[in-house]
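After the structure tokens below, expect a handful of questions from me.
The values are calculated or read from the model by the stated rules, or taken from the named source; none is laboratory data. Note that the structure is a prediction, hence the values are computed from the model and not measured. In this analysis, Cβ positions are derived from the backbone assuming ideal geometry, glycine residues included, and neighbour counts consider all displayed protein chains. Accessible surface is based on the protein model in full, side chains and every heavy atom, while ligands, DNA and RNA are left aside. Shrake-Rupley method; radii C 1.70, N 1.55, O 1.52, S 1.80 Å.
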Amino acid sequence: MTATPPAADALTDPPRADVIGSLLRPRALLEARTEWHSGRLSSADYKRVEDGAVNEAIALQERCGLDVVTDGEMRRMFFTGVVTEALDGIELIAGQTTTWHGTGSADETIQLPVAVTGTLRRRRSLATEEYSYARARTTKPVKVTLPSPLMLSYFWSPEHSTVAYADPFEMFADAAEIIAGEARELAGLGCRYIQIDAPELITLADPTQVAYFDALGISGDRMLDEGIEIINACADVPGVRFVMHLCRGNNRGKWLAEGGYGAISRKVFSRADNFDGFALEYDSPRAGTFEPLHDVPNDRTVILGLVSTKSARIEPREEIVARIDEAGRYFPREQLALSTQCGFASEQSGNPVTPEVQAEKLALVAEIAHGVL
């Protein structure tokens, strides 16, 4: 595993009270973004609002007692912004449709607004801008989130993407080179903690998602074979702690898939050997049991996503502690950490929780992690 060299953002021990990434966007930021896109607000004035939202996000995480912080992904419209908002080759054009499920609500079908239409090339670096600004405003280690290159499977269009790529895995390989380059630049700036968001892997536990990808010409078997190698190559950066985040979709409190980790655990956990840990969604029965943690090598860390960002319910402390005790039957307790199951706003409108509930849940993560781990 990678060692942490002396650095401005040194991370000497695995964090126990962790954070996944996105936080609720303040109303002022959402309003300013609308004004900026319409041309009624200058870029300079918009940037001041955006910077202020990042400042608030960092201050919130510090107050809640987390061991690391992110910038809340305030500069992104969607968690994949490092590629979807910063690369050429992706256009605002009607893309795939995805079906989202919610507790006590009807399924919702959403058409994605972008698709890959050309060869992927980096136009600018969003991640280094995020890190450099956040690093100057906290004494805590800063985690940066990057999307898995396989997340572009959702932006693959058999109609439009094949103009540039005959095979979607050629597109994934190009995306991986760009993401690995971002990781190397972040390391050069002093970043020592990077999370790769790879929800597409665990959605393969759901047969409906396997069929969804198959219909696009993207083989689920290849995603769990060649695809894992492509993702693993993104984390080949000495001196940086990498974790892989796996969840089943997070969109305004709804989810995309269900199914336990056992469907992918033997392939993913052992072969993703550039990763120091795995951040796993475990806030609902959709995630299955803790038994697949047996497949995680004992030199890694498992970040248990036991606190939900999908609902306003505040989990009782004893409930979370009992779940940690249960997980400890399958994986060394001293290598467990705690977080929410996902971010609070994977896309800019966010999940159905208030800022007050968000703060209470983050503080709960810190209090329990520091008390029992």
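With just the Cα atoms of the range 137-195, tell me how far they stretch along each of the three principal axes, in Å, largest first.
Rounded to whole Å, the extents work out to 48, 18, 14 Å.
If you don't mind, another one. Pop out the Kirkwood hydrodynamic radius of the chain from its pairwise C-alpha distances, inverse of mean 1/r, in Å to one decimal. All intermediate terms of the calculation are to be shown ahead of the outcome.
Details: mean 1/r = 0.0485 Å⁻¹.
By the Kirkwood definition, the hydrodynamic radius is 20.6 Å.
Starting from the exponent 0.38 and prefactor 2.2 Å, build the expected Rg for the range 261-319 from its residue count and divide its actual Cα Rg by it. Could you put the intermediate results ahead of the total?
Details: Rg = 12.9 Å, N = 59, 2.2 N^0.38 = 10.4 Å.
Dividing the Cα radius of gyration by 2.2 N^0.38 Å gives 1.24.
Still on this structure, please answer the following. Tell me, what is the per residue accessible area of the range 1-126 in Å², probe radius 1.4 Å? Provide the component values of the computation, followed by the final result.
Numbers: 5890 Å² over 126 residues.
Heavy-atom SASA per residue in the range 1-126 reads 47 Å².
What value, in deg cm²/dmol to 500, does the helix sum -39500 (n - 2.57) over DSSP H runs of n ≥ 4 give at 222 nm once divided by the residues of the chain?
Details: 12 runs with 132 residues, N = 373.
The helix contribution divided over the chain gives -10500 deg cm²/dmol.
Turning to a different aspect of this structure: Report the one residue of Gly21, Met151, Ser161 whose Cα lies farthest in the direction of the positive end of the charge dipole of the chain (charges on C-beta: Lys and Arg +1, Asp and Glu -1; origin at the Cα centre).
Gly21
Just name one of Leu201, Ser43, Leu224: the one whose Cα is farthest towards the positive end of the charge dipole of the chain (beta-carbon charges, Lys/Arg +1, Asp/Glu -1).
My answer, from the dipole projection, is Ser43.
Something else now. Enumerate the aspartates and glutamates that Lys47 could reach by cross-link, defined here as Cα to Cα under 18 Å, with residues fewer than 8 away along the same chain left out.
The qualifying aspartates and glutamates are Glu31, Glu35, Glu56, Asp71, Glu73, Glu85, Glu129, Glu130.
Would you look at the GNM of the chain, springs on alpha carbons closer than 10 Å, and say which of Cys64, Cys342, Cys191 moves the most?
The residue that fluctuates most here is Cys64.
What percent of all Cα-Cα pairs in the range 197-331 falls in each 5 Å bin, counting up from 0?
In order of increasing distance, the bins hold 2, 10, 19, 23, 20, 15, 8, 3, 0, 0 percent.
With all protein chains present, how much of the accessible area of the range 211-309 (probe radius 1.4 Å) comes from carbon and sulfur, to the nearest whole percent? If you can, show how the numbers build up before the last one.
Details: 1510 of 3200 Å².
Carbon and sulfur: 47 percent of the exposed surface of the range 211-309.
Hey, another quick one. Share of the range 34-156's accessible area from carbon and sulfur, percent, 1.4 Å?
On the way: 2660 of 5100 Å².
Carbon with sulfur: 52 percent of the solvent-accessible area.
Please give the net charge around Glu318, taking every other residue with its beta carbon less than 15 angstrom from that of Glu318, where Lys and Arg add +1 and Asp and Glu add -1. Can you show the working numbers first?
Working: positive: Arg313, Arg317, Arg323; negative: Glu315, Glu319, Asp325, Glu326, Glu367.
That works out to -2.
Accessible area per residue for the range 231-373 in Å², computed with a 1.4 Å probe and the full protein assembly in place, what is it?
Values: 4920 Å² over 143 residues.
Normalised by residue count, the accessible surface of the range 231-373 is 34 Å².
Residues with beta-carbon under 12 Å from that of Thr203, excluding Thr203: net charge, scoring Lys, Arg +1 and Asp, Glu -1? Please list the in-between numbers first.
Values: positive: Arg248, Arg286; negative: Glu200, Asp206, Glu258, Glu281.
Here the count lands on -2.
Something else: Let's see if you can work this out: charge +1 on each Lys and Arg Cβ, -1 on each Asp and Glu Cβ, no other charges. What is the dipole magnitude of the range 217-314 about its Cα centre, in debye to the nearest 20?
Details: 12 positive and 13 negative charges, 114 e Å.
Its charge dipole is roughly 540 debye.
Let me ask another. Which net charge results when you count Lys and Arg as +1 and Asp and Glu as -1 among the other residues whose beta-carbon is under 14 Å from that of Ala359? Walk me through the intermediate numbers first.
Values: positive: Arg63, Lys361; negative: Glu56, Glu62, Glu356, Glu360, Glu367.
Once all neighbours under 14 Å are counted, the net charge is -3.
Which one, Gly259, Pro292, Ala366, is farthest towards the positive end of the dipole of the chain when Lys and Arg carry +1 and Asp and Glu -1 on their Cβ?
The Cα lying farthest towards the positive end belongs to Ala366.
Sticking with this structure for a sec: Within the chain, which is the longest segment containing none of the trypsin sites (Lys or Arg not before Pro) that sit in a DSSP loop and have at most 13 other Cβ atoms within 10 Å? The partial results should precede the final answer.
Details: sites that count: Arg40, Arg123, Arg124, Arg313, Arg329.
In short, 125-312.
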